[in-house]
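S.K.: The structure's right below; bear with me while I get my questions together.
The values are calculated or read from the model by the stated rules, or taken from the named source; none is laboratory data. Since this is a predicted model, take the numbers as computed values, not measurements. Backbone-built Cβ (ideal geometry, glycine too); neighbour counts: all protein chains shown. Heads up: the accessible areas ignore ligands, DNA and RNA and are worked out on the full protein's heavy atoms, side chains in. Shrake-Rupley method; radii C 1.70, N 1.55, O 1.52, S 1.80 Å.
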Amino acid sequence: MIKHSYLSKKVKLVCSAIDRKGIFARKPIKKGEAISVWGGFIITEGDFRKLAKSQFKNIEDYATKVADGFYLVSCRSGKLEDDDFFNHSCNPNAGIKGHLMMVAMRDIAAGEEITYDYAMTDADFNYSFRCNCKAKSCRKVIKTTDWKNPSLQRKYKGYFSWYIQEKIKALKSAKRRK
Ligand SMILES: [Zn+2]
């Protein structure tokens, strides 16, 4: 089967304690190394709403917003690919570059689950969920407004998606104008 996304050969999809399935390192991964490059289809806001009402009810969990009005999904049917299973952690080992690329934020050992913080990519969705990441710094409830948190903005500087980075910039300049 042709895959739409790149997934490093050093990782694999297996069962996870965080949420059913997750992506784990099979081999050590160096800081800065590419872990995944997300691909698929770009859909509009209208398509997104339509799919959410029909065959892809949990589309919010798997779509990446790449700009206002545009989303990246790995499929239109709800049939997921392995790269859809990266779990959230409040103490993640991977971050985002640009729209599509996931890189290691630090050296990752074989056997570790690869996680990122959904605050790095998600805004304006309606979900919130109880976090099960077990990190000391766990926020307990994850919301799609978490990117507004100044301490997270400092912690993940350089690792937010372009879309979120632009939103942070706009928020900061709006605050300065007040
Ligand atoms: Zn957590």
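S.K.: Of all the accessible heavy-atom surface of segment 6-169, with the other protein chains kept in place and a 1.4 Å probe, what percent is carbon and sulfur?
M.R.: Numbers: 4500 of 8280 Å².
With neighbouring chains kept in place, the figure for segment 6-169 is 54 percent.
S.K.: May I pose another question? Once phi is turned into θ = phi - 60°, what whole-Hz ³J(HN,Hα) does the Karplus curve with 6.51, -1.76 and 1.60 give for every residue of segment 116-127, x standing for Gly and Pro?
M.R.: 10, 9, 4, 4, 6, 10, 10, 8, 6, 8, 9, 6
S.K.: Quick check on segment 90-178: what are the equivalent-ellipsoid semi-axes from the Cα gyration tensor, as sqrt(5λ), descending, whole Å?
M.R.: 23, 16, 11
S.K.: Per-residue ellipticity at 222 nm for the chain, helices alone: DSSP H runs ≥ 4 residues times -39500 (n - 2.57), over residue total, nearest 500 deg cm²/dmol?
M.R.: After summing the helix terms and dividing by residue count, I get -5500 deg cm²/dmol.
S.K.: Given N residues in segment 6-169, what is its alpha carbon radius of gyration divided by 2.2 N^0.38 Å? Could you put the intermediate results ahead of the total?
M.R.: Numbers: Rg = 15.0 Å, N = 164, 2.2 N^0.38 = 15.3 Å.
Relative to the 2.2 N^0.38 Å estimate, segment 6-169 comes out at 0.98.
S.K.: Can I ask one more? At what distance in angstrom do the alpha carbon centres of segment 107-161 and segment 20-50 lie from each other?
M.R.: Result: 15 Å between the Cα centres.
S.K.: While we're on this one: In µm²/s, what is D for segment 18-63 at 20 °C and 1.002 mPa s, where D = kT/(6 pi eta Rh) by Stokes-Einstein and Rh is the Kirkwood radius from Cα pairs?
M.R.: It comes out at roughly 157 µm²/s.
S.K.: Let me ask you something else. Measuring with a 1.4 Å probe in the full set of protein chains, what accessible area per residue, in whole Å², belongs to the chain?
M.R.: On a per-residue basis, the chain sits at 55 Å².
S.K.: When the dipole is taken about the Cα centre of the chain, and only Lys, Arg (+1) and Asp, Glu (-1) are charged at their Cβ, what size is it in debye, to the nearest 20?
M.R.: Dipole about the Cα centre, nearest 20: 720 debye.
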